[in-house]
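Here is the structure we will look at.
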C-alpha cells in the first residue's frame, strides 16, 4: 500500500464532511485514529481518547467568524497535552483543513502545523 499524499488526504477529509475540531492520534508509525471533538457549553472539562473526545467550556465558544475562541483553543490544547503525555502518543488537533496544532508526548507543541499525512487512518476506532 502506498502512503497517501497530503492532497489526497485533504480531499478525503473534504469528502467526509468532517466537523472541526478533530483529534488525530498516532497509534503507531503510519497509523492514525481520527476522532471528532464534541464542544459543549458548561463547566470546564476535557476528555481526549481513541473512541470519543469532548471539551466543555463556560463560553463563549465561538468567534463571530465561526471558529473557536482563543481561550477555548488554549483549553483544548492543554487537555490534549495532558492526554498525549499520559498515553505517550503524538496527538494533533485539526482546527480546519489547513490548520492544526500538534502535541508531542514530551509536551512540545507545534502551532499551525498541517495534519499528519500518509499511512492508514481510522475514524474513531482503537486497533
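Every number here is computed from the coordinates shown, using simple stated rules; none is lab data. Not measured: the values here are computed from a predicted model. Don't worry about glycine lacking a Cβ; one is built from the backbone with ideal geometry, like all the others, and counts go over all protein chains shown.
Values computed for the structure shown
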quantity: FRET efficiency, residue 70 to residue 31 (Cβ-Cβ, R0 30 Å, nearest 0.05); calculated: 0.40
quantity: Taking 27, 35 and counting other C-beta atoms within 10 Å, the order from fewest to most; calculated: 27, 35
quantity: Extension gain from residue 51 to residue 97, taking 0.36 nm per residue of separation minus the Cα-Cα distance; calculated: 14.4 nm
quantity: Protection-proxy order for peptides 58-68, 42-52, each taking the mean of Cβ atoms within 10 Å per residue, highest first; calculated: 42-52, 58-68
quantity: Rough spin-label spacing in nm, given labels placed 7 Å along Cα→Cβ, for residue 108 and residue 63; calculated: 2.7
